[in-house]
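See structure below.
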Amino acid sequence: MALLGYRMDALRGLLRARWLGCWGLSVGAGAQIHPGARLRHGGGSSVGARTRLYRDVQILATQGGSFQIGQDAHVAPGAYVLVGGQRLMIGDETAIGPGLMLFCESNATAGDGPFRERYERADVRIGRNVFVGARVTVLPGARIEDDVVVAAHSVVRGHLASGWIYGGCPARPLRRIDSAGSTA
């Protein structure tokens, strides 16, 4: 009986993806967007083929912002993604764990006036074949290259080079990944 529930969720996800396609989101074949996911998308936003956005995922691209999520990627439940007026690019075959907090714009400490009126805004890029662990925070301007692992509860700011496992606050290289995918 549990299998029936999973199949129904998959069917609802396929139907939701098609429905959002009617509202201007470019959706690849076989993509699934759970009915509990909340997407505000600007022109040029897309979800690749066979990509899955699970329940309670929020992606908010407003004020001309857009996002592109590649093929065969997935975003686990509970992700909050504030694109605002910026751009977010997530590569093919990328897996994002539950509870992601990703900001293309966020409050800043520099400048004059109240903190609630100061913002840092920058595009975020996450490469191909990246694994982002549970409860990771990604800050404006972050650039994660291809073939990277980010450990759970890390805070990503700046550039993460390809071929490494990163972790901590701020995220720093922990060890290399060899070409076979195991840790060196």
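General remarks:
- Selection count, segment 110-136, where residues are modelled with pLDDT of 90 or more, outside any strand (DSSP E or B) and closer than 19 Å to Q63 by Cα: 2
- Single residue of G133, G158, G141 found to be under 17 Å from the mean Cα position of the chain (by Cα), surrounded by 14 or more Cβ atoms within 10 Å (Cβ to Cβ), without any contact (Cβ under 8 Å) to a residue 40 or more places away in the chain and over 23 Å from H74 (Cβ atoms): G141
- Of the residues making up segment 161-184, those that are exposed (fewer than 14 other Cβ atoms within 10 Å of the Cβ), at pLDDT 95 or above and outside any loop (DSSP other than H, G, I, E, B) number 3.
For (1) among the polar types (S, T, N, Q); (2) crowded, with 16+ Cβ neighbours inside 10 Å; (3) touching a strand residue (DSSP E or B) at 6+ places or on another chain (Cβ under 9 Å), each residue gets a yes or a no:
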residue: L39; (1), (2), (3): no, yes, yes
residue: S45; (1), (2), (3): yes, yes, yes
residue: R52; (1), (2), (3): no, yes, yes
residue: L102; (1), (2), (3): no, yes, yes
residue: N107; (1), (2), (3): yes, no, yes
residue: A110; (1), (2), (3): no, no, yes
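- Taking the criterion of being basic (K, R) and within 22 Å of H153 (Cα to Cα), the only residue of segment 53-95 that qualifies is R55.
The values are calculated or read from the model by the stated rules, or taken from the named source; none is laboratory data. This one's a predicted model, so the numbers in the text were calculated from it and none came from an experiment. Note that we place each Cβ from the backbone using ideal geometry, even for glycine, and neighbour counts take in every protein chain shown.
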